Amino acid sequence: MNIKPIKTDADHAEALEEIERLWGVEVGTPEGDKLDILMTLVDAYEEKRWPIDKPSPVEAIRFRMEQLGLKQKDLQQFIGSKGKVSEVLNGKRPLSLRMIRNLERGLNIPASILIQHQVS
């Protein structure tokens with residue numbers, strides 16, 4: 001396979017077959033370099049062809065709660081009162097800067113996710 005830009009689903013399939021064939025080759029060899037290039041091309045094509053949207057702030061918080069086995073009451077230290085936690089999780093209250101900082105620091109949720117425009 002010649003290395004070329006991936007423009008179609010057929011190009012994508014061909015590149016994936018070549019990646020599978022090259023998988024496990026030694027790093028730093030011509031075949032290893034070819035594998036790196038193909039993986040970069042496939043990644044760029046997939047991001048353009050099938051973009052994945054960021055989760056909303058509330059989705060990110062709920063996901064992290066599930067991962068860590070947290071309940072709503074566990075968020076009070078990051079968000080505030082029981083009522084504020086409920087309002088945030090139900091989309092009735094936007095996150096404040098203080099809440100965003102606390103959630104980023106305490107739950108390791110990226111601020112870039114938390115500061116997105118929130119639609120209620």
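Quick note: the coordinates plus some simple rules give every number you see, no bench work behind them. All figures in this text were calculated on a predicted structure; none of them were measured in a lab.
Here are some notes:
- Listed residues Ile52, Ile61, Ile37, most fluctuating in the chain (Gaussian network, C-alpha, under 10 Å): Ile37
- The stretch 77-120 shape via C-alpha gyration tensor axes, a/c threshold 1.5: oblate
- Pairs from Lys54/Lys82; Lys4/Lys54; Lys54/Lys84; Lys4/Lys48 whose Cα-Cα separation, in the structure shown, is over 21 Å: Lys54/Lys82; Lys4/Lys54; Lys54/Lys84
- Three-way shape call for the chain based on the alpha-carbon gyration tensor, with the a/c threshold at 1.5: prolate
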